Each structure stands twice: as C-alpha cells, then as structure tokens.
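Data first, discussion second: the structure below is written as structure tokens.
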Amino acid sequence: MSKRTGQGAGLSMDKFREIMRLHELGHSQCSIAQSCAVARSTVQDYIRRATAKGLSYEQIQQLSDSEAKTQLGKGKRAVKEKLETIDFTTLEIELQRKGVTLALLWQEGIDKQQWDCSYGTFCRRYNKWKVRHQLTMRQVYKAGEKLFVDYCGPTVEVMHPETQTVTKAQIFVACFGASNYTYAEATPSQELPHWIGAHQRALQFFGGVPECIVPDNLKSGVTDPCRYEPGINRSYEEFARHFNVVILPARPNKPKDKAKVEKAVQEVERQILAPLRHERFTNFTDLNAAILVRLQHLNDRVMSGYGVSRQVLFEQVDKPALKALPSQTFTFARWKTAKVNLDYHLEVEKHYYSVPYWYVQREVQVKIAEHLIEVFHDHQRIAVHERSRVQYRHSTVAEHMPPEHWAYKRQSKERFLAWADQIGSHTRAQVEAIFNTKAHEEQAFRSIRGMQRLATTHGTERLEAACRRANAFGMVGLRRLRSILATRLDTASVESEPVVTPVIEHTNLRGSVLSLTST
C-alpha cells in the first residue's frame, strides 16, 4: 500500500485537480483521501482554499500548475517568520463580530499576503497566542449578543436634607459580554419598578438592544429560580416583549454563567464606589451624576488583555450589532392575580373596578399601570378602567352590570317622565301626581315600575284611558289604576260617571267608603 502524502510533501497539481473532480461529484473527504492516497486534512485544506477562491474544477483545468499554486497560496514562502508579526489581538476583536470565523480571517490574510501558512498551522499559532495571553474562556461572546445585569454588594447612603432619613442606594450594573462596556446607576431599591427602570435607562445609554439579557436570580426578575425552567416575572416578560429581547437567567449558584458582570461589578466597586466613599449625597440626581463621571473614566481606560478601551471595543464590536430601540416608550405595569367578588368588582389599592358580571368568582390577572387598570382572563382583556387614587370608591362600567342591576341603575324621575310622555298626557299627569305624593323621588320608582308592568300586560292605550279616568276623579296610585283596569272602567265614558267626592286616604277610615259628606 502506498504511503499517504501529507501537506508538507508537496501535493502535485494533478492530484489536486483529481481531488476537486471527486469533490464536485459528491464524494466524501474520507473517500477522496483514500482514492488519492493523501491525508484527509490535506483534502480538507485544498478544498477550503479552492472554495475560498471560488475555483471550480473546470477553472482549475485551465490554469497552469504554477498559476494554480499561486491562486491557492501554495507558492514558495517568502518570509517564514512572518507569523510572529501577526496581530492576534486585532484578530481576537474581529472574531467577536457576527459571522467572522478563523477560516475567514486566515483566507483574508492569505489574500493580502500578510502570512503564508496552512489553515491548520494558523489555528495552532492562534491557540498558542491565546494561552500566552490568558484569553482562553469557557464562553465565547458574540457581538451584541448578551448583556449581563446585576447589583453591587456595597450601597451608598443618600440622606434627605429635610427629614434626615437615610436611603441605602442600590448600584445597578450592566455589562456587554463581547466588549465589557459597562453601565452603572443608583436606584432607591431593587424592587421591580426600579429594576425595570434601570434596564430601560441602560438600553438608552447603550443606544440599542442586545439579543439577550442575562440577570441573576433576583426576585424582581425571576419568580422561580429553577436551573432548567426558570420563571420570569410577568412585568419583566412584558419589558422583554416590548424591546424584543430574550431573558436568560443565570443558573442558581453558578457565578460563571455571569462572570462578565461579576468582573464589571468588581470594577465599579473599585473604580467608582470606593473613590466616592467620603462624599455625601442628598439626592439620587447628584449621586448618579457623580457615578456617570467616573463611569466614563472606567470605559475609557485601556484594558490590559485587549490593548483597547471598553469604549473603543464597544464602538467597533457591540454597537454595530445592536437592534434599534423601539419608537414607543415602555410603560411599566405591575401584575396581580385577583378573584372577582360577588358584586362583579375587584380591588386594586383599596379602589374597586368592575368586570363583566359573568366573571364573578373567577380568577383574573390585573395589569396595574400608572394611569390604566386592565383586567385579563384566559389571556383576553375583559375590562379596562382609568386608574383612580380615591380609596373605597367604585369604578363601574354600565355594560358590566346584570340587566336587572342596569335597569335599576338607570332609574330617574326624568326617565320615568319621558316614558310617560310616550304613552300620553294622562299618563304623564298620573306619574307627576305619584311623584308629588312622595317625600323622596325613589319612593315613587316602585309604583311607576308597576305602571310600566300594567302597560305591558294591558297595553298602552288602556293604561292611558285608566290614567285619564283616575285623573278625572282625583285618584292617585298604582292600586287605583289596577282596580280600574280589572273592572274595565277604563272603557266607560268619564262624562257619564256621577260626580263623587274623592276618597280621602286616612288610617282611621275602614271599610269600603265611597265618599264623605259633611254633617
């Protein structure tokens, strides 16, 4: 069996052409290596070179051996030691850009005649350089991919000048994985409104949106710190949807998942908080202004392992890869689960908001924004109200009420008089008389609803005739009208009836008294 030829043995161009012919016929690299009696790495190297140059088998057939070697970068090496001058620091920065690989950088160097070596040799020298410069990492961060967020351990005291109350400011830190570009600010607490507000201001500072945000398992962001399926706070999820970003919480008790921000927190504590330890602040505006000045110095400092500053690296790597900020401002809202009471209202901060009555005793999700209250059931919005700060009051939408409640709510003297006008003038006069006999308007509502029932039962024409008769004889009230209709006196002529003195209602009168005469 013939000995396979390695890359250093000087592969003949005839064999190279055979490699390309078999490759274009669809044969695997292993079968090509066996057929041509060369190493598989040699087949891989030559195919990669030809592909990078866009050379097909037909084109290679037209080239002379020397032209083919020149095209493939297999000519005589002019400077063997040129590899020692390769700027691997610049290449490391380029590798963090999306789509940039070692193979691409190697081919670009071949085209520019910056080096003359095989791809395998190039990779070996690059790996040796990484070991010497201690840049080998467990994770590789792509441009604009991950933004890590966390809080510092130390706090800064802010004393209110009038009340002398002291607030321990929490220091929020955000850091990009690829460039280490850092943002920091002080917030009154780590609670949800301040947590999400700090995120928004950080994205404004960066001028764009990354692919992912990696938080610690802070309760404001992560409701269930599970290693495999962590639960994300509902408000935090809405923030992520608004900015089109993915939330990837770090695993519990795994600081290496967010090593970048751990280092950034350390830098903030050493270069920002430590120098400010003797200063006194009376408001958060002054504190954040002082932090911003020192933050700029931190980002402008040259990093020893990279040879450039965070600012420069961010401008070159992360910033071009960021997504644009949304045009609309994100409105923060809290969420709570509530159960609808029997009066089809639910409570939010001691104010009561209505929902459609058929959701009584059901659990719903309430979105509490600064100016709006929204209620959801089964992921569908069922009610929306303007937020009220008045306690122990009700905000009720008429359409949410049951029909009988709505009918009762709509009761008013004006509505009853308008209804009477539609029946006729005699009905209007009877309704007005009923109102006049009552001390309070609502006392007349039940009698008039009874008249409406009579109109439904006997018809509006008979009710109008009954009212005409009752008015003629000075009779007022539902019982009089019901009696007239029951005895069909509404059909008798009023003129033919004897003039009878109206009955005087009195508690001392008993029996069927038709009239009273003076003695």
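The values are calculated or read from the model by the stated rules, or taken from the named source; none is laboratory data. Keep in mind it's a predicted model, so treat the numbers as computed, not measured. Here the Cβ is made from the backbone with ideal geometry for all residues, glycine too, and neighbour counts use every protein chain on show. Surface areas here come from the heavy atoms of the whole protein model, side chains and all, with no ligands, DNA or RNA. Shrake-Rupley method; radii C 1.70, N 1.55, O 1.52, S 1.80 Å.
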Inset, instruction - Take Q190 and decide whether it is farther than 15 Å from N288 by Cα and either assigned to a helix (DSSP H, G or I) or among the polar types (S, T, N, Q) (or both). - result: yes
Inset, instruction - Mind telling me which of the residues L372, L342 ends up being surrounded by 13 or more Cβ atoms within 10 Å (Cβ to Cβ) and hydrophobic (A, V, I, L, M, F, W, C)? - result: L372
Legend entry - Test set (1) more than 29 Å from G207 (Cβ to Cβ); (2) of a type in the set (S, T, N, Q); (3) modelled with pLDDT under 85 - T167 fails condition number: (3)
Inset, instruction - Pairs only if they're at least six apart or on different chains, beta carbon under 8 angstrom, first in the range 171-196 and at positive phi, second open to solvent by 10 Å² or more (accessible area, probe 1.4 Å) and among the basic types (K, R); list them, first residue then second. - result: N180/K260; N180/K263; N180/R310
Legend entry - Tally of residues being among the aliphatic types (A, V, I, L, M), in contact (Cβ under 8 Å) with a residue 40 or more places away in the chain and closer than 18 Å to L104 by Cα across the range 30-71: 1
Inset, instruction - Could you run through the range 86-95 and say how many residues are open to solvent by 30 Å² or more (accessible area, probe 1.4 Å) and in contact (Cβ under 8 Å) with a residue 60 or more places away in the chain? - result: 1
Inset, instruction - Output yes when any residue across the range 414-429 is in contact with a strand residue (DSSP E or B) (Cβ under 7 Å, 6 or more places away or on another chain) and open to solvent by less than 90 Å² (accessible area, probe 1.4 Å), and no when none is. - result: no
Inset, instruction - Taking L104 as the residue in question, decide whether it is at pLDDT 80 or above and assigned to a helix (DSSP H, G or I). - result: yes
Inset, instruction - Give the residue that is farthest from F314 (Cα to Cα), with candidates limited to residues of the range 166-182 that are open to solvent by less than 10 Å² (accessible area, probe 1.4 Å) and assigned to a strand (DSSP E or B). - result: A169
Inset, instruction - Please find, within the range 433-451, the residue that is farthest from S493 (Cα to Cα) out of those that are surrounded by 14 or more Cβ atoms within 10 Å (Cβ to Cβ) and touching a helix residue (DSSP H, G or I) at 6+ places or on another chain (Cβ under 7 Å). - result: A444
Inset, instruction - Pick out the one residue from T487, T460 that is modelled with pLDDT of 80 or more and under 60 Å from the mean Cα position of the chain (by Cα). - result: T460
Legend entry - Filter pass, K219 being in a helix (DSSP H, G or I), of a type in the set (D, E, K, R) and modelled with pLDDT under 90: no
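Conditions (1) closer than 15 Å to P356 by Cβ; (2) at pLDDT below 85, marked per residue:
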position	(1), (2)
R387	no, no
S395	yes, no
P402	yes, yes
R410	no, yes
R415	no, yes
A418	no, no
A429	no, no
Inset, instruction - Filter the range 270-322 down to residues that are β-branched (V, I, T) and in a loop (DSSP other than H, G, I, E, B) and give me whichever is least open to solvent (accessible area, probe 1.4 Å). - result: V308
Legend entry - Single match in R393, R387 (criterion: open to solvent by 70 Å² or more (accessible area, probe 1.4 Å) and either closer than 30 Å to Q452 by Cα or basic (K, R) (or both)): R393
Inset, instruction - Determine whether the range 331-348 contains at least one residue that is more than 28 Å from the chain's Cα centre (by Cα) and within 30 Å of R132 (Cβ to Cβ). - result: no
Inset, instruction - Only residues in the range 96-125 that are touching a residue at least 12 places away in the same chain (Cβ under 8 Å) and more than 28 Å from G144 (Cα to Cα) count as the first member; pair them with residues that are among the small types (G, A, S) and not in a helix (DSSP H, G or I), Cβ under 6 angstrom, at least 6 apart or cross-chain, and list the lot. - result: I110/G73
Legend entry - Only listed residue being touching a Leu at 6+ places or on another chain (Cβ under 7 Å), open to solvent by less than 70 Å² (accessible area, probe 1.4 Å), under 25 Å from V317 (Cα atoms) and modelled with pLDDT under 90, chosen from V261, V214, V209: V214
Inset, instruction - Name the single residue, out of those in the range 96-129 being acidic (D, E) and surrounded by 14 or more Cβ atoms within 10 Å (Cβ to Cβ), that is farthest from S179 (Cα to Cα). - result: D116
Inset, instruction - Hey, can you tell me all the residues within the range 339-362 that are charged (D, E, K, R) and in contact (Cβ under 8 Å) with a residue 40 or more places away in the chain? - result: E349, K350
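Please state which one of V355, V364 is aliphatic (A, V, I, L, M), surrounded by 18 or more Cβ atoms within 10 Å (Cβ to Cβ), in contact with a strand residue (DSSP E or B) (Cβ under 7 Å, 6 or more places away or on another chain) and over 21 Å from E237 (Cα atoms).
The conditions single out V355.
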Inset, instruction - Read through the list (1) at pLDDT 80 or above; (2) surrounded by 12 or more Cβ atoms within 10 Å (Cβ to Cβ); (3) farther than 18 Å from D14 by Cα, then give the number of the only condition that K82 fails. - result: (1)
